[in-house]
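Take a look at the structure set out below.
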Amino acid sequence: MKRIQLLSKVSRVVIKLGTRVLTTRENRLDTSKIEELVEEFVWLRKKGIQLTIVTSGAITAGMKSLGLKIRPKNLAKLQAAACVGQSQLMRIYERLFKERGFIVGQILLTKDILAKKERYLNVRNTLSSLLSLNVIPIINENDSVAVDEIKFGDNDTLSALVTNLVEANLLIILSDVDGLYADYYRTDKSGRCYQRGKLLSCVENISEDIEKFAKRTNSPQSMGGMITKIQAAKTVLKKGKMALIANGERPKIIREIFAGKKVGTIFLPK
Ligand code: GLU
């Protein structure tokens, strides 16, 4: 089946935004980039597609405000950065969506929602009532309280869980890479890619080779890198949903995806 046909069936989508997509090279929240993305999301909503956002960027934004040049090793400091950055992030989303007539609601999750069925169902009910009220849920890990035992650790993993939780048909992971590359992928010291092999447009089976490619595409700077993205794809594919990894820095990326253009790598369930 062609991409356009597969995508025309999507009625509910989860979009994960990586830190790199949301921040400048100086680690500030990039309001104009976020505004461009919000325009895309509003376009999607106006097409009648329900949307849940999983956002990163809080810790990096908080570090910038607190004058921390490197990611603190000290947990309490890291959590302080998350507190500061998370509220900045939400202020921006809230204003940009409100200007376009949409309401957003924040949910901060920790991994312990998986430990008890009751908690899991509570979160599921909250999300479903937000969606039925036309609110756009904006989710992040609750980094300011999460310690190792209750941590997802990266938002790729979290976004896969959310996709299954809200029963979306599609998970879109937007990062600063165009998708999954076969062959080589080289990055400079800052972790930005400068040379790459062939971009895979469609993956129908996450084989060992695919996982090997993911290891090569991994950027040393990002939280999860390609490996956690592939794991996230696996998690949603198991439930019969699709996943797509694409470059969030590309203008009008969401419209391109839904026009069926061959952007990013799409992962299809068996
Ligand atoms: N939750 C982290 C943050 O908001 C990001 C984790 C990730 O990028 O995977 O900064």
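The values are calculated or read from the model by the stated rules, or taken from the named source; none is laboratory data. Because the structure is a prediction, the values reported are computed rather than measured. Neighbour counts run over all protein chains shown; Cβ positions are idealised from the backbone, glycine included.
Looking across the stretch 140-172, the residues that are modelled with pLDDT of 95 or more, more than 10 Å from the ligand (Cβ to nearest atom) and outside any helix (DSSP H, G or I) come down to 166, 167, 168, 169, 170, 171, 172. When residue 71 is tested against (1) surrounded by fewer than 22 Cβ atoms within 10 Å (Cβ to Cβ); (2) modelled with pLDDT of 95 or more, just one condition goes unmet, and that condition is (2). Any residue at all in the stretch 111-121 that's surrounded by fewer than 19 Cβ atoms within 10 Å (Cβ to Cβ), in a helix (DSSP H, G or I), in contact with a Lys or Arg (Cβ under 9 Å, 6 or more places away or on another chain) and not β-branched (Val, Ile, Thr)? There is at least one residue in the stretch 111-121 that is surrounded by fewer than 19 Cβ atoms within 10 Å (Cβ to Cβ), in a helix (DSSP H, G or I), in contact with a Lys or Arg (Cβ under 9 Å, 6 or more places away or on another chain) and not β-branched (Val, Ile, Thr).
Among all residues of the stretch 175-182, there is none that is more than 20 Å from the chain's Cα centre (by Cα), surrounded by fewer than 20 Cβ atoms within 10 Å (Cβ to Cβ), in contact (Cβ under 8 Å) with a residue 60 or more places away in the chain and within 16 Å of the ligand (Cβ to nearest atom).
Of all residues in the stretch 11-37, those that are under 16 Å from residue 251 (Cα atoms) have Cβ atoms under 9 Å from Cβ atoms of residues that are of a type in the set (Lys, Arg), 6 or more apart or on another chain, in 20/192; 21/33; 22/33; 23/33; 23/64; 24/33; 36/252. Is it true that residue 61 is more than 23 Å from residue 173 (Cα to Cα) and either under 16 Å from the mean Cα position of the chain (by Cα) or modelled with pLDDT of 95 or more (or both)? Judged against the criteria, residue 61 is not a match.
If you go through the stretch 69-96 and pick out every residue that is more than 10 Å from the ligand (Cβ to nearest atom) and touching a helix residue (DSSP H, G or I) at 6+ places or on another chain (Cβ under 6 Å), you end up with 5. Taking the listed residues 24, 55, the one that is within 16 Å of the ligand (Cβ to nearest atom), surrounded by fewer than 16 Cβ atoms within 10 Å (Cβ to Cβ) and not small (Gly, Ala, Ser) is 24, with no other qualifying.
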